[in-house]
């Protein structure tokens, strides 16, 4: 996924306005589950890709 090509077709999620801090996430596709934490720092643009 390219950050400038972030579609909203239920397969991508983009958040461009997060304040610095730690965020938890969870996701499921009905067969696989993902969960964890991602940290956003000022001036940082983290990208997290969930895969099988």
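Any chance segment 2-16 includes a residue that's at pLDDT 80 or above, loosely packed, with under 10 Cβ neighbours inside 10 Å and out of contact with any strand residue (DSSP E or B) (no Cβ under 6 Å at 6 or more places or on another chain)? If you could, list the steps in order and put the result at the bottom.
Quick first cut of segment 2-16, residues at pLDDT 80 or above only: none.
No, segment 2-16 has no match at all.
Of the residues that sit in segment 17-31 and are in a strand (DSSP E or B) and at pLDDT 90 or above, which one is surrounded by the most Cβ atoms within 10 Å (Cβ to Cβ)? It would help to see each step written out before you state the result.
Going residue by residue through segment 17-31, those that are in a strand (DSSP E or B) are 21-28.
From what is left, the residues that are at pLDDT 90 or above are 21-26.
Working: 21: 9, 22: 9, 23: 14, 24: 8, 25: 12, 26: 8.
Filtering first and then ranking leaves 23.
Got at least one residue in segment 32-40 being assigned to a loop (DSSP other than H, G, I, E, B) and modelled with pLDDT of 90 or more? Break it down into steps so the answer makes sense when it comes.
Restricting attention to segment 32-40, the residues satisfying the condition of being assigned to a loop (DSSP other than H, G, I, E, B) are 32.
Remaining after also requiring modelled with pLDDT of 90 or more: 32.
For segment 32-40, residues assigned to a loop (DSSP other than H, G, I, E, B) and modelled with pLDDT of 90 or more: present.
The values are calculated or read from the model by the stated rules, or taken from the named source; none is laboratory data. In this text the structure is predicted, and so the values were computed from the model without any measurement. No Cβ is skipped: glycine too gets one built from the backbone with ideal geometry, and neighbour counts run over all protein chains shown.
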